[in-house]
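Structure, as structure tokens:
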Amino acid sequence: VPGAIHALDKWLTKDDVVLEFGCGGSTLFFADRCKEVITIDTRQEWIDKVNRHKGIDNVTFHCIPGDDIQAPVNANELVLDLYKDRHFNVIVLDWGLQRDFFRPHIVQFLANRFAVILDNYSGDALFPSYFDKDFWEGLPLDAYCQTYNDGHWYGQGTRIYSSEYLAD
């Protein structure tokens, strides 16, 4: 949503590294502003569409085929295997079930300066299995929680948990 885009645009740096579950326009947004983007999606057509853009040589694409249950499990295995020693400034969770599956692993992948982005956070009708207003509760980490709502956007809004307050 526009408020989240504006806040992230001011906060991101050219040194940031992004792990993104669900590629699309956000991939291009982060690629233009950050050092590296690793994006995982279940749909090859989305990856192909984003990959057609020129100048995004800092993006690594992973296509994880599978249904709504198996794809998140496969994506977790890929991240836990290939990126187990990496830390990310930004983690974007845009898949429904992926939030449930990846939540226990988030802390081990966060850099000291971080933002965890839950897109479509209020889309309980879209993704009822991960609709969770207390997503951050129980994680051993202090974070600011900022919510950006816009009823015109699919999923109603974006929620960002971050190590520092994002200026509006």
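The values are calculated or read from the model by the stated rules, or taken from the named source; none is laboratory data. Worth saying up front: this structure is predicted, and the values here are computed from it rather than measured. Note that we place each Cβ from the backbone using ideal geometry, even for glycine, and neighbour counts take in every protein chain shown. Surface accessibility is based on the protein's heavy atoms, side chains included, excluding ligands, DNA and RNA. Shrake-Rupley method; radii C 1.70, N 1.55, O 1.52, S 1.80 Å.
Couple of notes before you dig in:
- Test result for PHE102, modelled with pLDDT of 85 or more, within 12 Å of PHE21 (Cα to Cα) and crowded, with 17+ Cβ neighbours inside 10 Å: no
- Residue match in the stretch 34-45 (condition: open to solvent by 60 Å² or more (accessible area, probe 1.4 Å), closer than 26 Å to PRO2 by Cβ and modelled with pLDDT of 90 or more): yes
- Residue within the stretch 52-61 that is modelled with pLDDT of 95 or more, out of contact with any Lys or Arg (no Cβ under 8 Å at 6 or more places or on another chain), open to solvent by less than 70 Å² (accessible area, probe 1.4 Å) and over 16 Å from VAL90 (Cβ atoms) present: yes
- Checked against the criterion of being more than 19 Å from ILE117 (Cα to Cα) and modelled with pLDDT of 90 or more, the stretch 6-17 has no qualifying residue.
- Only one of ASP94, ASP16 that is surrounded by 17 or more Cβ atoms within 10 Å (Cβ to Cβ), in contact (Cβ under 8 Å) with a residue 12 or more places away in the chain and under 19 Å from THR158 (Cα atoms): ASP94
- Filter result for ASP32 (in a helix (DSSP H, G or I) and within 27 Å of GLU164 (Cβ to Cβ)): yes
- Selection status of ASP85, exposed (fewer than 14 other Cβ atoms within 10 Å of the Cβ) and acidic (Asp, Glu): yes
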